[in-house]
Every structure is written in structure tokens, then in C-alpha cells.
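Report on the following structure.
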Ligand code: G1P
């Protein structure tokens, strides 16, 4: 079945990034020359998906505006003859069809995904978290889409993390059925030390069958008093199969201050115009450090 929609939860308060996120959504923080959310949407679009369901909350209008048509700005740029900028701004609003749904209470990632139920209906869909930027030759969402076509079951993207970081993630235990693909038999959200020997951490890419909604409805608050998507996936894996996929590429946790800096350096070095001069600047900085 063709996957047409991606749910992007953006309702979080961004507390890990205060004070920067007091008045600005964390998804609008700039990495080089575009907001974080644009990298996420570009990955979704590059994977052949055009319909994005944003799960928003109060104070997040800037995200919707970013992907909307801006009459004033486009008229101004056209009048000034700034064609390149005009093209860039137009392309952003043409990237996707956006539907926004409000999450009225911050009850967790599982609750946020539940908000999309009526818009998604009885179709498989993606959940893509705005904090996790994945850099890869083939977009991570596309890699998962291809795997879904084979397996026809829900898939979570995973990566191995150092042992001292295991407690920050949803962790899966499973049996490797083909290189990098695991049939999941246990999931633990934010495990306490010693409660799992696995270091396969779920990152913010999920390819889900619609049966997840039934599981979410039956999920009680878990870690942090929130309705956890990981707990609903745990129910799903008993009713149907669930797979974990070690994606090809690298991931930056852009919701974390250090991860954000790392992502900034990466994307600055890759930038077609800034990459060269920025590399020289970094080399100079590093030579002064040692
Ligand atoms: C969420 C999920 C967790 C997952 C993580 C990936 O946690 O609950 O299972 O490993 O995203 O970024 P959060 O980062 O919102 O605490």
C-alpha cells in the first residue's frame, strides 16, 4: 500500500532549548540558513510524500506560516526583482500540503500521534520527529518506505547508542532477521540502568500501520506520566509484527544544544557557498586550539 502521509509532532515546549525557545518554536531554530523543520520536510518530500500532518500547540503558528504562501513577501521580492529569493520562498510553500491538528494538552508523543487519527484514517503513515535530523544518501523515510513495501508491517528506525545514553531513548530488543532488520520482541521506554542489555535506540522515524491507533487508545500513561508511543508499539507487536531497522546514515539530535551545534557544523560544511570558507575558518580555529 502506498504511504501518502507523514505526521510531524511539533507541539512540544522545547524545554531542552530554553531560553531560546521561550517565544520561538524549537522547530524554527535556524541551522545555517533554514529552520530545522524545513530539513525534516525536505526529507519527507524527497521520499515521495507530499501530505504532512502537523500536530501543533499554541505558539507554533510560525511553523504553519513558514510553509504557507506569503503574499506580502512574494509581492515585495517580485517588485524588487529579487528572483532567486522569490524562487526559494515559493519553493518552500509548494513543498507540501499541510494539515494542522491541535494537541490541546501535552500528554506525550503517543497522545500527539493519536490526534492525527481522523486525518490519517485506515492507511499506513510515517511519524517523523522534528528533533532528529538524519543525513543520508537515500533519505531515511525512503529507506523505510521500501522496507515497508516488503514487510507490510510497522517499522521503527533504530541506531546503536553508547550504554550511558540508553536511558534517553525507547530501546528495542529483537532478533536479526536480515542484515540490519530486527523482529522486535520487547520495547522499553527510557529504561533504567540494567533493565535491558540492548542498545538499539528508536530514533524519530516510524512507519506505522493504522492498527497503532487502536493500541494507542488502550495505552495508559507511562514514563513521565505521558502516553508513550513506545508502549503502544509494545501492544502492536503482540497483535501484528513490529520491525526495527538500522537505517543507513547519521543522525543529529537537534533538540539538544550539543547535537544542534554538531548539526550546524555538518550542514555548514555541506553548504554549496559557505562550505569552503567555513572549512577554512574551522581549520584555523582548530589549529589555535592545539
Ligand atoms: C521520543 C520517544 C523515544 C525515542 C526518541 C527519539 O523521546 O519517546 O522512544 O527514542 O523520541 O528521539 P523524547 O526524545 O521525546 O524524550
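Pairs, please: C-beta under 8 Å, at least 6 apart or cross-chain, first residue exposed (fewer than 11 other Cβ atoms within 10 Å of the Cβ) and in region 162-177, second at pLDDT 95 or above and not in a helix (DSSP H, G or I)? Hits for this filter: 162/199; 163/199; 175/182; 175/183; 175/185. Identification of helices (runs of 4 or more DSSP H) wholly contained in region 82-156 with 1 or more residues that are touching a strand residue (DSSP E or B) at 6+ places or on another chain (Cβ under 7 Å) and either more than 15 Å from the ligand (Cβ to nearest atom) or farther than 25 Å from residue 241 by Cβ (or both) yields 117-120, 140-151.
Condition check: assigned to a loop (DSSP other than H, G, I, E, B) and at pLDDT 90 or above. Does residue 54 satisfy that? Against the criterion (assigned to a loop (DSSP other than H, G, I, E, B) and at pLDDT 90 or above), residue 54 does not qualify. Scanning region 178-199 for residues that are more than 10 Å from the ligand (Cβ to nearest atom), in contact (Cβ under 8 Å) with a residue 40 or more places away in the chain and closer than 22 Å to residue 108 by Cβ gives 184, 186.
On inspection, residue 268 fails the criterion of being crowded, with 17+ Cβ neighbours inside 10 Å, within 16 Å of the ligand (Cβ to nearest atom), assigned to a helix (DSSP H, G or I) and modelled with pLDDT of 95 or more. Residue 213 falls short of the stated requirement of being surrounded by 16 or more Cβ atoms within 10 Å (Cβ to Cβ), farther than 20 Å from residue 12 by Cβ, away from the ligand (no atom under 16 Å from the Cβ) and more than 21 Å from the chain's Cα centre (by Cα).
The values are calculated or read from the model by the stated rules, or taken from the named source; none is laboratory data. Given the structure is predicted, the values throughout are model-derived calculations rather than measurements. Note that we place each Cβ from the backbone using ideal geometry, even for glycine, and neighbour counts take in every protein chain shown.
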